[in-house]
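What follows is a single structure, written as C-alpha cells, with notes after it.
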Amino acid sequence: MELHDKETRCGEILPVVVIGNGPSGICLSYLLSGHTAYLSPGASHPNPLLHSKLAEQPGLSLLEQDLEYLCEGLQGRSSNPVAVLFDSLLLPDSDFGADHTSPLEWRYEPERAVPHLVLGKGPPGGAWHAMEGSMLTLSLANWMELPGLKLKDWMKDKRRNVRNDRATPAEIASYYQHYVSRMSLEHNFACGTTVTSVTRWPADHHDSHGCWRVTGLQCREGEDLGDDSPAESVPFSLLARNVVLATGTHDIPARLGVEGESLPYVCHSFWELEGAISRGELDESSDPVLVVGAGLTAADAVLAAHHLNTPVYHAFRRAVTDPGLIFNQLPKMLYPEYHKVHQMMMQQQHQSASPLDSSSSPARLSSSSSSYAGYLSFPRHRVVSFRPDRKCVLLSDSGQRSVVQVSKALVLIGAHPNLSFLPEQGRPLGVRPDEAVTCRRNPIDVDPFTNRVVAADGPGMYAMGPLVGENFVRFLKGGALAIASDIAKGLRGGEDGGGLGSSDILADKWVAAQTLAKVTRS
C-alpha cells in the first residue's frame with residue numbers, strides 16, 4: 001500500500017496506526033481485522049479456575065471479557081498477566097510438555113474490524129527476515145506461531161519436518177509473511193516505510209478529541225531504478241486516534257563505550273562475522289576471533305567460528321555458574337548446541353596467574369589435546385580497550401589485565417530500539433525516564449492490562465512486544481490481545497462512528513491514569 005500524501009488526499013483520521021510489522025504487529029492486525037476468539041462449546045481448560053471464569057459468560061468473546069479478572073491467580077514465565085493468560089489459552093500447560101487442545105474457537109466477524117495500518121521497513125515479519133537462516137530458533141515451533149495457523153501444519157505443506165520441534169529463523173520469517181497473505185491482511189500493511197516523527201495533535205474546533213500525527217518516508221513500490229540508483233522515497237503523513245509502538249529492539253546494536261571500539265576490525269553484529277566468513281577472511285590459520293557477550297547471539301558466533309576451526313577468545317561479565325546466564329535456563333536435550341557452548345565456557349577458562357596482579361599477561365589458547373581446542377573463555381572479564389594493532393585489553397573482576405591478539409572482535413551484547421521518531425528518543429516513556437529505553441533494563445512503562453503507555457503525551461498510545469520487555473513471540477501475543485480488547489471496548493463505549501468514537505472516554509481514563517501515576521511516584 002502506498003501512503004504518499006494520504007493525509008491531504010483523504011483527510012481522514014485512522015482509528016489505529018501500528019509502527020512495526022513483526023509478529024507483534026501481525027498478531028494485532030489479525031485481532032483488529034475481526035478475528036475473534038470465543039470459548040469453544042464443550043471445550044475445557046486444564047486450569048479449573050480459569051475454565052469456570054470463562055464459562056460464566058460463554059457467549060462473550062475474549063475481547064469483551066474482563067481480562068484483569070481472567071488473569072487473577074494465573075502464573076507463568078512472563079511478568080505480563082495478559083501474556084500469561086493468552087498463552088495459557090492458546091497453549092494450555094505447554095510449560096509442562098502437555099499438548100492440550102486450545103479451548104478457544106476463532107470466528108471471523110467483519111463487523112468487529114477496526115480500520116488500521118501496519119507500517120514496516122521490510123516485508124511482514126520484521127527483524128526475522130534479517131536473521132541468520134541455518135541455526136534453530138530458541139523457542140519451540142508452536143511457541144512461534146500466531147493464532148489461526150499452526151506452524152507445524154504449515155511446515156507439513158512445505159514437506160519438511162520441524163527438527164526437535166524447532167525451526168530456522170528463515171522458516172519463521174517465511175511463515176509470518178505467508179500468515180499475512182493467508183489471513184487476508186495485506187491491505188492493512190504498508191511496507192518500505194520509515195517513520196520519522198510521532199507527535200500529538202491537540203484538540204481544536206475541527207477535532208474535539210485530538211489525535212496523533214505519524215510522518216515518514218516510503219519507498220515507491222514496483223519501481224526499477226537500476227542497480228546504481230537508490231529507491232525513491234516519498235514522504236507520507238497520517239493522522240491516527242491510536243498509535244501502537246511495536247518496533248522491536250534489534251535496530252541499534254549495543255556498544256561497550258570503550259577506546260578503539262570504532263576500529264575497522266571491531267564488529268557489532270553476527271552478520272558481519274558471516275560476511276567475513278563468506279569472503280574467506282577466517283580459517284584455522286587466522287588469529288583468534290574475540291567474542292564479547294554471553295547471550296545466544298554470542299554463542300552462535302562462537303559456534304560459527306569454531307565450525308571453521310578458527311580460534312576463539314570469549315569474554316563476558318558474568319560467572320559461568322550465574323543463574324541469570326541464559327545457558328543455565330535452557331533444557332540440555334532441547335538445546336544441545338547451546339549446551340555445548342556452555343560446556344566450553346566452563347571447561348576452557350583462562351587461568352589468572354595471580355588474582356591481584358594488575359600487570360598485563362598474554363592469554364594462551366587451549367591445546368589440540370583439550371576437549372575444545374582453539375577456544376578460551378574469560379568469565380567475569382570486561383574489555384578495557386581495542387588497539388589499532390588488533391590487540392585487545394581485558395580486565396578481570398580481580399584486577400588482572402590480559403592482552404589478546406585477534407583478527408576480529410565481535411561485540412554481541414544486545415541491541416536497543418530505534419525510537420528516534422519520538423521526542424528524546426522515547427526516554428520519558430521508560431520505567432526509568434532518565435535512562436534510554438531498553439528491552440531488559442528499562443522497557444516502556446505500560447498499563448499491564450491494556451498496554452497503554454503510562455507517560456504518553458496524550459491518550460491512545462500503546463506499546464507491545466520487546467519494547468515492554470516481551471522477547472518471545474509466545475508472550476508478545478498477549479500485548480496484542482490487551483490492546484485489541486482495550487480498543488474494542490472503547491469503540492463500544494463511543495457514540496460517533498468516525499475513527500474512534502471512544503476518544504472522550506479514553507481521554508478521561510488517560511487523565512486519571514496520569515494523576516494516579518503522579519501520586520504513586522511522589
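The values are calculated or read from the model by the stated rules, or taken from the named source; none is laboratory data. Quantities reported herein were computed from a predicted structural model and do not represent experimental measurements. As a convention, Cβ positions derive from the backbone with ideal geometry for all residues, glycine included, and neighbour counts pool all protein chains shown. Ligands, DNA and RNA are excluded from the accessible area calculation, which covers all protein heavy atoms including side chains. Shrake-Rupley method; radii C 1.70, N 1.55, O 1.52, S 1.80 Å.
Summary of computed values
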{"item": "Difference of contour (0.36 nm per residue) and Cα-Cα distance, Met155 to Glu186", "result": "9.0 nm"}
{"item": "For the stretch 422-490, accessible area per residue (1.4 Å probe, heavy atoms of protein chains only), Å²", "result": "34 Å²"}
{"item": "In the stretch 254-304, the GluC sites (Glu not before Pro) that fall in loop regions by DSSP, at most 16 other Cβ within 10 Å", "result": "Glu261, Glu281, Glu284"}
{"item": "Long pairs among Lys150/Lys477; Lys121/Lys477; Lys156/Lys477; Lys121/Lys391, criterion Cα-Cα beyond 26 Å", "result": "Lys121/Lys391"}
{"item": "Length gained when the stretch Ser262-Thr321 is fully extended (0.36 nm per residue, less Cα-Cα span)", "result": "18.1 nm"}
